[in-house]
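What follows is a single structure, written as structure tokens, with notes after it.
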Amino acid sequence: MSGQGVVTGLGRAHSVGLNAFSAKEIEIQANVGQGLPTFTVTGKVDASLREARDRVRAAIINSGLKFPDLKVTVSLAPADLPKSGSSFDLGMALAILAATEQVVTDRMRRTVFLGELGLDGGLRPVRGVLPALKCARDRGYTHAVVPIPNVAEATLVADLDVGGARTLSEVVRWLSGDHVLDTVTGDEALPPPPEPADMADVAGQAEARHALEIAAAGAHHVLMTGPPGIGKTMLARRLPGILPPLGPEESLEVTAIHSIAGTLRAGHPLMTEAPFIAPHHSTSVTALLGGGTGLARPGAVSRAHRGILFLDECAEMGPKVLDSLRQPLEEGEVRVSRRDGVATYPARFQLIMAANPCPCAPAHDVDCICSAVARRRYLGKLSGPLMDRVDIRVRMDPPGNTALMHAAEESSAVMRARVGAARAAAVERWRDHGWLTNAEVPGSALRQRFRLSPAALRPVELFLRDGRVTARGADRAIRLAWTLADLTGRDRPEEADVAEALLYRDRGAR
């Protein structure tokens, strides 16, 4: 189709670009002028955006519209911000159509456009819609147009009029006032997410079950060791079932991370339950922390934000991979440097690790054929600085013969009620400071504003004097003591709570 007779000029459309977890308004300008027929995209764009030239040209022509047979220049401003992905396709096409006066409307000034274009003019879903539209709303935009599969996610943003489109021509007719965009995805019939497995399935292991309940109540980190087949993985995978649901702000934050990662569930995008992320023991540092070309994408630690990161067979992982967790565990965020800058993502997760006691891992410890050096080297991959950040260590032994024959253990629902009450007490106590769990409270606050009585701190002083705990470990033990007090309904920890917390750190799990 020829572009002869097409009006030349300047057109504008608006979109949003993502820079790791932050979003920024992007103005798309298209200039159509005299010169050799070329199509240039400027503004620090990556390969997928340079390829957009062919997608946009074909989509305009196959939608029954005219692509100018002139010099076309598209600029994405600000020019110094790295831009990647295909979400700007729709905005680029509309800016060109506005420059050639095939679209004339005031709606474009208060609307952001997100979506990838197919060669046939169809709109395809993109990542990061939720954080992008939150930015658009905050910048004063009143309307947003997204692909139909992204509508459920887009409508999570309040105070923004969202419309879903299937094709470019639908958007053009909407701008002209001849079409009403859909606000449903057609996926409402999808089944809800499956219910988490129940703790009642685990036979015996009362000590480990109690340890995980304490960990859930305060978001503490756990290491479980023991021979294979005794329930370490079963317990870890049932931990989400005793965690309380995410709060409204937590839910949107977690959903935004998974939107950027492209892991949202179709039809049910809002994540209301704590995520459970379990990477394979052969995972790399990049997969764990985040990475990719240009600007880093969220890794496993960020996808586990406000949830659980489960490392099964952690002693099989590389020491560098394990030690890369030290900074996120301490700071609650991860910073990854790449070519286009430093990406910062939230990473306030609960670490659960499981390991066999030695490489041969027999069912009974007396059958072990490993030397004492081999056993020490095996768990020696869990470095001292990493283990100093682990609050609870549990050594699990095979259950007795009668444990498998007893009635079902306590259900997840019963445990979840106790965990929810303990977390509610912590939220109320730390409300004025913005901390949601005991694990987030800084050590300085525990030692000053919320300092325990000298009698309660006596076990910590003894452990510090004997060198059995570091200063960081002492702070973590006091956090754990607060959780023990919350589970029993006390206002403040007593000496017995502090002593029990120190024993959980000192048990022979290594």
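In the set (1) closer than 25 Å to ARG348 by Cα; (2) part of a loop (DSSP other than H, G, I, E, B), LEU487 fails one condition alone, (2).
Residues in the range 263-306 that are in a strand (DSSP E or B) and either among the aliphatic types (A, V, I, L, M) or outside the structural domain of ARG348 (by TED's automatic domain parsing) (or both): 1 in all. Condition first: hydrophobic (A, V, I, L, M, F, W, C), surrounded by fewer than 17 Cβ atoms within 10 Å (Cβ to Cβ) and closer than 15 Å to ASP388 by Cβ. Can you find one or more residues in the range 441-448 that meet it? No, the range 441-448 contains no residue that is hydrophobic (A, V, I, L, M, F, W, C), surrounded by fewer than 17 Cβ atoms within 10 Å (Cβ to Cβ) and closer than 15 Å to ASP388 by Cβ.
Set side by side, the residues PRO82, PRO37 differ, and just one is over 33 Å from the mean Cα position of the chain (by Cα) and more than 21 Å from GLY164 (Cα to Cα), which is PRO37.
Within the range 203-223, the only residue that satisfies the criterion of being of a type in the set (Asp, Glu) and either surrounded by 20 or more Cβ atoms within 10 Å (Cβ to Cβ) or farther than 19 Å from LEU502 by Cβ (or both) is GLU213.
For the range 357-380, enumerate the residues that are surrounded by fewer than 13 Cβ atoms within 10 Å (Cβ to Cβ) and of a type in the set (Lys, Arg). Correct list: ARG376 only. Somewhere in the range 105-121, is a residue in contact (Cβ under 8 Å) with a residue 24 or more places away in the chain, polar (S, T, N, Q) and surrounded by fewer than 22 Cβ atoms within 10 Å (Cβ to Cβ)? Scanning the range 105-121, I find at least one residue that is in contact (Cβ under 8 Å) with a residue 24 or more places away in the chain, polar (S, T, N, Q) and surrounded by fewer than 22 Cβ atoms within 10 Å (Cβ to Cβ), so the answer is yes. Within the range 298-333, restricting attention to residues that are of a type in the set (D, E, K, R) and buried (at least 21 other Cβ atoms within 10 Å of the Cβ), the residue that is farthest from the chain's Cα centre (by Cα) is ARG306. Against the definition (closer than 27 Å to THR38 by Cα and either in contact with a helix residue (DSSP H, G or I) (Cβ under 7 Å, 6 or more places away or on another chain) or not in a loop (DSSP other than H, G, I, E, B) (or both)), how does LEU94 come out, yes or no? For LEU94, the condition - closer than 27 Å to THR38 by Cα and either in contact with a helix residue (DSSP H, G or I) (Cβ under 7 Å, 6 or more places away or on another chain) or not in a loop (DSSP other than H, G, I, E, B) (or both) - is met.
Taken as a whole, the structure places GLY17 among residues that are assigned to a strand (DSSP E or B) and over 21 Å from GLY121 (Cβ atoms).
Only one of the listed residues (ILE214, ILE260) is closer than 30 Å to ARG338 by Cβ and part of a helix (DSSP H, G or I). That residue is ILE260.
The C-beta contact set for the range 252-266 (first residue among the aliphatic types (A, V, I, L, M), second residue in a loop (DSSP other than H, G, I, E, B), distance under 6 angstrom, 6+ apart or interchain) comprises VAL254/MET271; VAL254/HIS305; VAL254/ARG306; ILE257/HIS305; ILE260/ARG127; ILE260/GLY128; ALA266/ASP187. Taken together, ASP367, ASP432, ASP397 contain a single residue that is at pLDDT 90 or above and of a type in the set (Asp, Glu), which is ASP432. When restricted to residues that are outside any strand (DSSP E or B) and farther than 19 Å from LYS66 by Cβ, the range 20-54 contains 10.
Taking the range 446-473 as the range and being in a helix (DSSP H, G or I) and touching a Lys or Arg at 6+ places or on another chain (Cβ under 9 Å) as the test, the residues that pass are LEU446, LEU462, PHE463, ARG472, GLY473.
Among the residues of the range 28-63, those identified as under 30 Å from GLU333 (Cα atoms) and surrounded by 14 or more Cβ atoms within 10 Å (Cβ to Cβ) are GLY43, LYS44, VAL45, ASP46, SER48, LEU49.
The values are calculated or read from the model by the stated rules, or taken from the named source; none is laboratory data. Source: prediction; values computed, not measured. When we count neighbours, we look across all protein chains shown, and the Cβ atoms used for this are built from the backbone with ideal geometry, even at glycine.
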